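A.B. asks: One structure, pasted below without further comment.
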Amino acid sequence: AWQNGFKGSGVIVAVVDSGVNHNHSAIRDRMWINSLELHGKSGFDDDGNGYVDDIHGYNFFNLNSDSMDYNGHGSHVAGTIAGWEPTINFYGVAPQSRIMAVKTHNSRGLSSRRAVVEGILYAADNGAQVINCSWSGAPEAANWSQLLHDAIEYANQKGALVVAAAGNKGNYNDANPVYPACYQNVISVAATAYIADN
């Protein structure tokens, strides 16, 4: 993909997760920046999108502007997508993309349906072309939800591609669906083991 020029240039990827450590050396230069908020007045909604000081994204768990990651999972995901630190041979798959930190999970990895739905809507409304959700089967999304379904459909209509982890339990998702991986119009990502093909 890189040899053919596909490195994510111009693409905003929303990481809907536990936040992103935007100070990390492999991530800080890959962060999406809301320039109106960055150069605006602290404590004021400078861009009029309904969220105050959302410089790199927003915290939908606590409903504030602190999108920093205190769990690690969101930063792990962001690094896999766009990380770049040649001194330690660390390379994400799309290093020219920009990461929008949409924090929906707390430091223990807990979330709510409200948080993930509002996070997806925010990402779609603020220009994310890809929305990553690596929490399929978690309590906030374990069962089919009209709200979450509609949020994903809204994102699709805004031109965003929603990507979700298939889950980590070796589940046969076609027979026993987990969400958001099993909603229509979602790219579900699974993995297989190198040796045993599990």
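The values are calculated or read from the model by the stated rules, or taken from the named source; none is laboratory data. All figures in this text were calculated on a predicted structure; none of them were measured in a lab. Positions of Cβ are backbone-derived with ideal geometry, glycine not excepted, and every protein chain shown enters the neighbour counts.
A.B. asks: Do we find that Ala124 is surrounded by 20 or more Cβ atoms within 10 Å (Cβ to Cβ) and over 19 Å from His22 (Cα atoms) in this structure?
C.D. replies: yes
A.B. asks: Considering only the stretch 1-113, give the strands (runs of 3 or more DSSP E) lying wholly within it that have at least 2 residues that are in contact with a helix residue (DSSP H, G or I) (Cβ under 6 Å, 6 or more places away or on another chain).
C.D. replies: 12-17, 98-103
A.B. asks: Can you tell me which residues in the stretch 139-175 are touching a residue at least 24 places away in the same chain (Cβ under 8 Å), among the small types (Gly, Ala, Ser) and more than 15 Å from Val102 (Cβ to Cβ)?
C.D. replies: Ala142, Ser145, Gly159, Ala165, Ala166, Gly167, Gly170
A.B. asks: Here is a further query. Could you check, for the stretch 26-41, whether at least one of its residues is hydroxyl-bearing (Ser, Thr, Tyr), under 26 Å from Gly10 (Cβ atoms) and touching a His at 6+ places or on another chain (Cβ under 9 Å)?
C.D. replies: Scanning the stretch 26-41 turns up no residue that is hydroxyl-bearing (Ser, Thr, Tyr), under 26 Å from Gly10 (Cβ atoms) and touching a His at 6+ places or on another chain (Cβ under 9 Å).
A.B. asks: Would you please list the contacts, defined by Cβ atoms under 8 Å and residues six or more apart or on different chains, that run from a residue in the stretch 58-75 that is over 13 Å from Gly109 (Cβ atoms) and of a type in the set (Asp, Glu) to a residue that is assigned to a loop (DSSP other than H, G, I, E, B) and at pLDDT 95 or above?
C.D. replies: Pairs found: Asp66/Gly19.
A.B. asks: While we're looking at this one, here's another question. Mind checking whether some residue in the stretch 92-100 is in contact with an Asp or Glu (Cβ under 9 Å, 6 or more places away or on another chain) and either closer than 28 Å to Ala138 by Cα or crowded, with 22+ Cβ neighbours inside 10 Å (or both)?
C.D. replies: No, that holds for no residue.
A.B. asks: Something else about it: Applying the selection to the stretch 114-149, what residues are touching a His at 6+ places or on another chain (Cβ under 8 Å) and assigned to a loop (DSSP other than H, G, I, E, B)?
C.D. replies: Ser134, Trp135
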